[in-house]
Amino acid sequence: MYSTSVISCYYYWMYNSCAIFKVFMPLMGTYFTIDFFIEPSVQYKIHHLACIYIFVYGYSNRVKIEDAAPLIYYIVMMGISSLFLVSRYWIKESSYLFYVNKAMFYLTFAKFRVHDMNYGVLDHNSELYPLIHSYTPNSISGSLLVVCTYCMELMCIGLST
């Protein structure tokens with residue numbers, strides 16, 4: 001899934017085209033749904049439920065993929081820090097690489113999940129604020145959707161560390 005995410009974001013960034021997300025989103029929705037029933041970990045089940053909720057919300061409100069593409073890009077980019085979170089299980093704990101990996105996790109988490117989410121999505125001056133506002137009854141509920149999903153993600157990360 002990570003390679004699909006990276007390829008999708010690269011394609012969107014390079015070609016400014018959301019065509020790849022038309023393939024990527026159903027694939028991700030299927031993955032989250034199947035993995036929800038397979039994964040025994042509670043924090044991953046919570047994470048998958050939050051992701052499934054985003055899909056259901058988007059489909060039920062008929063959000064066009066062209067409109068959702070910038071938000072999808074931000075959400076997928078948040079997953080970059082997960083690479084370092086998962087990698088820690090394969091690295092010897094007392095090694096130099098373990099500490100480099102841990103630092104990379106914190107740096108990418110701060111960059112993609114805190115900074116980019118705050119200034120790229122939640123900020124009233126962001127390019128996404130009008131998008132969120134257009135698909136919700138008011139701007140507050142759209143922002144709350146994003147904030148709740150973001151907080152859920154933070155809780156899941158906190159549970160797994």
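The values are calculated or read from the model by the stated rules, or taken from the named source; none is laboratory data. Computed from a prediction, not measured in an experiment: that's the story for all the values here. Counting neighbours? That spans all protein chains shown, and the Cβs are built from the backbone with ideal geometry, glycine included.
Answer yes or no as to whether His133 is within 16 Å of the chain's Cα centre (by Cα), assigned to a helix (DSSP H, G or I), modelled with pLDDT under 85 and under 29 Å from Asn16 (Cβ atoms).
no
Scan region 15-42 residue by residue and report those that are closer than 15 Å to Ile72 by Cβ and in contact with a helix residue (DSSP H, G or I) (Cβ under 6 Å, 6 or more places away or on another chain).
Listed by number, the residues that qualify are Cys18, Ile20, Phe21, Lys22, Phe24, Gly29, Phe32.
Evaluate region 101-113: report whether one residue or more is within 17 Å of the chain's Cα centre (by Cα), buried (at least 18 other Cβ atoms within 10 Å of the Cβ), assigned to a helix (DSSP H, G or I) and among the basic types (Lys, Arg).
Yes - at least one qualifying residue is present in region 101-113.
Looking only at region 79-87, decide whether some residue is polar (S, T, N, Q), part of a helix (DSSP H, G or I) and in contact with a Phe, Trp or Tyr (Cβ under 6 Å, 6 or more places away or on another chain).
For region 79-87, residues polar (S, T, N, Q), part of a helix (DSSP H, G or I) and in contact with a Phe, Trp or Tyr (Cβ under 6 Å, 6 or more places away or on another chain): present.
How many residues are under 20 Å from Ser82 (Cα atoms) and part of a helix (DSSP H, G or I) when one looks only at region 22-41?
So the count comes out to 13.
Counting only residues that are touching a residue at least 40 places away in the same chain (Cβ under 8 Å) and not in a helix (DSSP H, G or I), which one in region 42-75 is surrounded by the fewest Cβ atoms within 10 Å (Cβ to Cβ)?
Asn61
Among Tyr12, Tyr74, Tyr31, which is more than 30 Å from Tyr99 (Cβ to Cβ), modelled with pLDDT of 80 or more and not small (Gly, Ala, Ser)?
The unique qualifying residue is Tyr31.
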